[in-house]
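Structure, as structure tokens:
Derivation of every value follows stated rules applied to the coordinates shown; laboratory data play no part. Predicted model only: the values in this text are computed from it and were never measured. Heads up, the Cβs are rebuilt from the backbone with ideal geometry, glycines too, and the neighbour counts pull from every protein chain shown.
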Amino acid sequence: MKNYQRICPIEREQIFKGIQRGKSYRTIAIELSRSPSTISREVNRNLFLQEIPEHGYSVFAAQHFTDYRASSRRGGKCKLHKEPKLFTLVVNKLRDRWSPEQISRYLSMNYSDEPDMQLSHESIYTYIYVLSRGNLRAELIKNLRQSRTKRRPKHSSKKRPRMLDMISIEERPKEVEDRTVPGHWEGDLIIGKGHRSALGTLVERTTRFTILVPLKGKDAATVRQSFAREIKHLPSQLRQSMTYDQGAEMSEHRLFTKSTEMKVFFAHPHSPWERGTNENTNMLVRDFFPKGTDFKQVSRYKIKKVQRLLNTRPRKVINWAFPGDVFAKLLQDSG
């Protein structure tokens, strides 16, 4: 009788195929020259998300946990290493392009009575970035929104300058939140190569109409004047308010409001979802101007050409209409 050897990845693949074909553990054991109890222990030890049949036994996950069980140095330090059900759920959600924060909230809402199924989004990020280099790490990082190979510090060590007379987003009228009234905008800067240049973006919350603002600088005066120049030609009904983050470039918001009659509401720090429409628009703009673009070398003609392209493509969120057409109708009605 030969000495016992651990089940290898090839055998796990055969176990998986056997289960998929409805074979019994005994039949699989005979085919692998293994004891039926060995097959039974292997499967039962590595059952994942049993409420979802197709995820009952996972070759990949079984191998993953076997590797970590064999490692006394790394095993047991992370809840994801110890809880197969949690590990598989988190990995599957990441593969579905869920963010770590969405996964964490999902766990707290749907597994509130299971302490072993609770995990913070920071723990998920930490797990991904401390993984050794390999296919899983590369795949999970690729599925993150920003796909950065290294994680940036959670908060910048630089303190933001204090914003005087700032109106919080909490004071923003409800009509802005539910998008029932047009004329409310979100604004931001897309930063260029080496943080030496920038492009301004404005998007109307109801129609998704986008205005790209060429900038000669990132200072508050330049940003204020450039944004105001693009906005002032619109009728007053369509320049009700703008929601912005607490960036220093909007520190002259009082002068901006004075010249445009648009109130500026400021989102909370580190809360990009409060300007979600603008964040999504910036990602669309990045398709044309990828990271590393020096906006000082991009002509106004090219910037406005991209603006036209964005406003003349159908958008599902407005029933496949063109933002430019919907906004033009508003201009006509307000005139």
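Observations, loosely collected:
- Distant-in-sequence amide contacts of Phe265, defined by a placed amide H-H separation under 5 Å and a gap of 5 or more residues or a different chain, comprise Met242, Thr243, Tyr244.
- Label point distance in nm, Ile167-Gln237, each placed 7 Å from Cα along Cα→Cβ: 2.1 nm
- Take the Cβ atoms of Thr222 and Lys302, set R0 to 25 Å, and the FRET efficiency comes out at 0.80.
- The percentage of C-alpha pairs in region 167-334 whose separation is greater than 20 Å is 49%.
- Cβ-derived FRET efficiency at R0 35 Å, Gln118 paired with Thr180, nearest 0.05: 0.40
- The GluC sites (Glu not before Pro) found in region 218-278 that occupy coil by DSSP, while having at most 14 further C-beta atoms within 10 Å, are Glu261.
- For region 247-327, the list of trypsin sites (Lys or Arg not before Pro) that fall in a loop by DSSP and count at most 15 other C-beta atoms within 10 angstrom reads Lys291.
- Compared with the alpha-carbon gap, the fully stretched path from Thr312 to Asn44 is longer by 91.0 nm at 0.36 nm per residue.
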